[in-house]
Amino acid sequence: MDMNPNICHDRKIVFVHNPKVAGTSLRDWLGFDEVWNHGFPTTNTPVECWNDYRVIVAVRDPIDRALSGYRFMTREKYVGSFRSRYPDLPTWDPLTFFRKMFNEQIFVVPPQFKYTMHMHSNKAPDYLIRFENMDLSQLAQDLDIQKPLPRENANPQTEVVDIAEDLYVALIDHYKVDYLLFGYRPVPYRDFMRSQEKAAAA
């Protein structure tokens with residue numbers, strides 16, 4: 001028997017918990033318990049379940065997702081497992097954060113395509129949800145879910161992250177497969193920084 005808490009055998013659904021894409025809210029909405037699992041489907045989901053069950057994955061603009069992870073984990077009030085591993089985490093600037101996490105932690109905002117595939121199957125997810133519009137209408141109809149989506153772990157995106165242009169370009173390269181597969185397009189660095197400033201001033 002698999003130990004993945006994101007699989008419901010009774011309803012034959014697999015929810016893939018992609019970090020910083022409203023995963024906690026979606027798990028609650030789907031009726032899963034509070035046990036989390038950010039593992040990749042290839043390693044934590046039996047291929048039979050991937051092939052035969054309804055697979056649900058949400059994706060997000062790669063840079064917005066990466067910076068959401070940075071904001072969330074470097075807050076003083078963050079008390080997750082990584083705070084005990086890195087006691088000085090709240091002091092990290094973006095370069096330190098991404099350098100450390102990408103080199104040492106594979107489940108901290110990794111490329112999203114790893115959550116949308118199973119290396120032992122050619123099947124794509126049955127439901128690929130975009131964070132930007134969070135359209136759950138078809139999924140709600142298919143699973144007969146009538147309650148609204150809760151807002152768990154919502155983190156205001158109003159703080160401007162002072163990210164250098166070289167790091168911005170490096171992040172785009174790091175997530176190049178996500179851009180290719182999910183239809184997102186990076187914007188020029190100055191436009192990105194202006195969009196952050198506009199959001200912060202709103």
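The values are calculated or read from the model by the stated rules, or taken from the named source; none is laboratory data. Everything quoted here is computed from the prediction, not taken from an experiment. Please note: Cβ atoms are built from the backbone with ideal geometry, for glycine as well, and neighbour counts cover all protein chains shown. Ligands, DNA and RNA are excluded from the accessible area calculation, which covers all protein heavy atoms including side chains. Shrake-Rupley method; radii C 1.70, N 1.55, O 1.52, S 1.80 Å.
Translational diffusion coefficient of the range 59-160 at 20 °C, 1.002 mPa s, Stokes-Einstein with Kirkwood Rh over Cα pairs, in µm²/s as a whole number.
Stokes-Einstein gives a translational diffusion coefficient of 133 µm²/s.
In what sequence, highest mean first, do 104-115, 81-92 appear when ranked by Cβ atoms within 10 angstrom?
104-115, 81-92
Express the carbon and sulfur contribution to the solvent-accessible surface of the chain as a percent, rounded to the nearest whole number, probe 1.4 angstrom.
For the chain, the apolar C and S fraction of the accessible surface comes to 52 percent.
So, how do all the Cα-to-Cα distances of the range 83-132 break down into 10 Å bins, in percent, from 0 on up?
19, 37, 25, 17, 1
Can you compute the equivalent ellipsoid semi-axes for the range 38-87, i.e. the square root of 5 times each eigenvalue of the Cα gyration tensor, sorted largest first and rounded to whole Å?
30, 16, 8
Can you give the Rg/Rh ratio of the range 6-71, where Rg is from the C-alpha atoms and Rh is the Kirkwood radius?
Here Rg/Rh amounts to 0.99.
Counting helices only, and only those DSSP H runs with n ≥ 4, report the 222 nm mean residue ellipticity of the chain as the sum of -39,500 (n - 2.57) divided by its residues, in deg cm²/dmol to the nearest 500.
-11000 deg cm²/dmol
Separation between the Glu159 and Arg85 pseudo-spin-labels, each 7 Å from Cα along Cα→Cβ, expressed in nm?
For the pair Glu159/Arg85, the computed spacing is 2.0 nm.
Please list the radius of gyration and Dmax for the chain, considering alpha-carbon atoms only, with Å as the unit.
Just the Cα atoms of the chain yield Rg and Dmax of 17.3, 51 Å.
Excluding ligands, DNA and RNA, what is the solvent-accessible area per residue of the range 1-158 at a probe of 1.4 Å, expressed in Å²?
Result: 52 Å² per residue.
Kirkwood Rh over alpha-carbon pairs of the range 119-202, then Stokes-Einstein at 10 °C and 1.306 mPa s: what D in µm² s⁻¹, rounded to an integer?
98
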